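The structure appears below as structure tokens.
The values are calculated or read from the model by the stated rules, or taken from the named source; none is laboratory data. Please read these numbers as outputs of a predicted model, since none were measured by experiment. Every residue, glycine among them, receives a Cβ derived from its backbone with ideal geometry; neighbour counts consider all protein chains shown. Please note that ligands, DNA and RNA were not included when accessible areas were found on the heavy atoms of the full protein model with its side chains. Shrake-Rupley method; radii C 1.70, N 1.55, O 1.52, S 1.80 Å.
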Amino acid sequence: MAHRVTGVLIFFFLFVHVLDTALVRVSPEAYDDVVATYKTPVVALLEYGLVAAILFHALNGLRVIAVDFWSKGPRYQKQMLWGAVGVWIVLMVGALYPVLGHAVRDVFGS
């Protein structure tokens, strides 16, 4: 279920990204306004959520591939799920500063 949800969220992001990038041809001023809103701390949290969705979707996708194409995959799918979740948590902790560092500095000062 989470794999499908993250896939839909990633699709929604890509749809919005294509629309806002296309805005530059229609109105460069409007594009600049939209890009300015992307530099807010709230959007930084959304970016962190996007990173979480992409990482989980990718790691779980590798697990699904292993279950489908490895003869012992179905037997070890629960262990592989917990392994993927563990790797996801480690990577998400590692992504905290690079993704949210500027937002924390904006809110609390440098």
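Please pick out the residue among VAL42, VAL35 that is closer than 22 Å to VAL104 by Cα and modelled with pLDDT of 90 or more.
Criteria check complete, one pass: VAL42.
List the number of the failed condition for ARG4; all other conditions in (1) in contact (Cβ under 8 Å) with a residue 12 or more places away in the chain; (2) out of contact with any Asp or Glu (no Cβ under 8 Å at 6 or more places or on another chain) hold.
The failed condition is (1).
So in region 53-95, with the set limited to residues that are among the polar types (S, T, N, Q) and in a helix (DSSP H, G or I), which one is surrounded by the fewest Cβ atoms within 10 Å (Cβ to Cβ)?
Filtering region 53-95 for residues that are among the polar types (S, T, N, Q) and in a helix (DSSP H, G or I), the one surrounded by the fewest Cβ atoms within 10 Å (Cβ to Cβ) comes out as GLN79.
Out of everything in region 31-52 that is aliphatic (A, V, I, L, M) and open to solvent by 70 Å² or more (accessible area, probe 1.4 Å), what residue ends up being nearest to PHE13 (Cα to Cα)?
Ranking the qualifying residues of region 31-52, first place goes to LEU46.
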